[in-house]
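Just so you know, all these numbers are worked out from the coordinates, no wet-lab data involved. What you are looking at is a predicted structure, and each value in this text was computed from that prediction instead of being measured.
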Amino acid sequence: MSYEFSKYQGLGNDFILIDNRHSPETIVTPEQASQICDRHFGIGADGVIFALPGQEGTDYTMRIYNSDGSEPEMCGNGIRCLAKFIANLEGIDKVNKTYRIHTLAGVISPQLLENGLVRVDMGKPFLTAGEIPTTLVAAEEKVINQTITVAEQSWAVTCVSMGNPHCITFVEDSEAIPLEKIGPLFEYYSEFPQRINTEFIQVVKPDYLKMRVWERGAGITLACGTGACASVVAGVLNQKCDRVCTVELPGGCLEIEWSSINDRVYMTGPAELVFTGTF
Ligand code: ZDP
């Protein structure tokens, strides 16, 4: 059996995109996804994303497997790549087109802008411990600036879900964090029953954050869209940043806005086709 794929990247967060429009079941298993994500024995990617038929009136359904085969609810950089991918599959100029995409985190709407960037309505953040999920505090409470001990060190963390779970820590110098050592300890910390994505944020200016990320199921990546959104929400909750903010990641910058009018988060950034192939 051979499959066609397209490789896309958004700020260096890279994905294998699969045309799965003919079936509601993913044509690649989580095990196969993990194999093809391998950078030495496979195609190489942070995850595999499927464009499936829409559900409940949406245009398409997105599913994603992380490079370890686990399935996250949402993927910010990935949904920008998906929007470009389906525009390409549909084959006509789709500038200004907005898609409604069914995800495990609800309906998410990416819009293809004239300048080639993609703006995504990421929906509302979830803030209660039960929704994250975390057992750090009671289910209906929020986790804002809460001290936890990881690697024998205290960290003041804020937890935000963008459909998928994030734990954000504000630090003086994001470069100084030993991410490879500390990331897995956060990911598997006992109070995060679904594991967690972990962001370390340096506030350069109230409208400019620098972020490094350890992703659940994928480790160190060059960018994380949901993580950038969650970090701006955490920054606003801690009075550390503005509602309109640039987030600089190792792979480049995202523009994030947490609207005070409708509580929704908007993310704007690039997504590019790298190559296509068959495996
Ligand atoms: O929640 C998770 O398990 C993440 N690893 C999913 C991928 C998130 C992503 N990096 C993003 O940009 O939001 C794709």
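Rounded, prolate or oblate: pick one for the range 203-242, where a ≥ b ≥ c are the square roots of the eigenvalues of its C-alpha gyration tensor, a/c under 1.5 means rounded, and failing that, prolate if a/b is larger than b/c, else oblate.
Working: a/c = 3.05, a/b = 2.02, b/c = 1.51.
Because a/c hits 1.5 or more and a/b exceeds b/c, the range 203-242 counts as prolate.
When the chain is treated as a GNM, springs tying every alpha-carbon pair under 10 Å, which of Leu209, Leu89, Leu11 comes out with the largest mean-square fluctuation?
It is Leu89.
Which value results for Rg/Rh of the range 77-138 when Rg is the Cα radius of gyration and Rh the Kirkwood radius based on the inverse mean 1/r?
Values: Rg = 15.2 Å, Rh = 13.2 Å.
We get a ratio of 1.15 for the range 77-138.
Please tell me the relative contact order of the range 16-159 in percent, rounded to the nearest whole number, where contacts are Cα pairs under 8 Å and at least six residues apart.
14 percent
Give the lysines whose C-alpha is closer than 25 Å to that of Lys94, dropping any in the same chain fewer than 8 places away, or say none.
Lys7, Lys84
Just to confirm my numbers, what's the Cα centroid distance between the range 160-217 and the range 255-279 in Å?
Value for the Cα centre distance between the two parts: 19 Å.
Please work out the Kirkwood hydrodynamic radius for the range 146-263, using every pair of different C-alpha atoms, and report it in angstroms with one decimal place. Can you show the working numbers first?
On the way: mean 1/r = 0.0714 Å⁻¹.
Taking every pair of different Cα atoms in the range 146-263, averaging 1/r and inverting gives 14.0 Å.
Specify whether the C-alpha gyration tensor of the range 162-216 places it in the rounded, prolate or oblate class, a ≥ b ≥ c being the square roots of the eigenvalues: rounded for a/c under 1.5, otherwise prolate if a/b is larger than b/c and oblate if not. Before the final figure, lay out each step's value.
Numbers: a/c = 2.79, a/b = 1.56, b/c = 1.78.
Since a/c reaches 1.5 but b/c is at least a/b, the shape of the range 162-216 is classed as oblate.
In whole percent, what relative contact order does the range 23-105 give with Cα contacts below 8 Å and a gap of six or more residues? Write down the numbers at each step before the final one.
Values: 123 pairs, mean separation 22.4, N = 83.
It rounds to 27 percent for the range 23-105.
When the helices in the chain are scored as -39500 (n - 2.57) per DSSP H run of 4 or longer and the sum is shared across all residues, what 222 nm value do you end up with, to the nearest 500 deg cm²/dmol? Before the final figure, lay out each step's value.
Working: 4 runs with 45 residues, N = 279.
The helix contribution divided over the chain gives -5000 deg cm²/dmol.
For the chain, what is the relative contact order in percent, using Cα pairs closer than 8 Å and at least 6 residues apart in sequence? The partial results should precede the final answer.
Numbers: 717 pairs, mean separation 54.6, N = 279.
Relative contact order of the chain: 20 percent.
In terms of Cα to Cα distance under 29 Å, which lysines are near enough to Lys142, apart from those fewer than 8 places away along the same chain?
Lys142 reaches Lys124, Lys181, Lys205, Lys210, Lys240.
Need one number for the range 1-150: average projected area of the convex hull over its C-alpha atoms, nm². Present the calculation step by step, with values, prior to reporting the outcome.
Working: hull surface 46.0 nm².
Orientation-averaged projected area of the Cα hull: 11.5 nm².
Quick one: in the chain, what % of C-alpha pairs are over 23 Å apart? List each step's numbers first, then the result.
Numbers: 19254 of 38781 pairs.
Percent of Cα pairs beyond 23 Å in the chain: 50.
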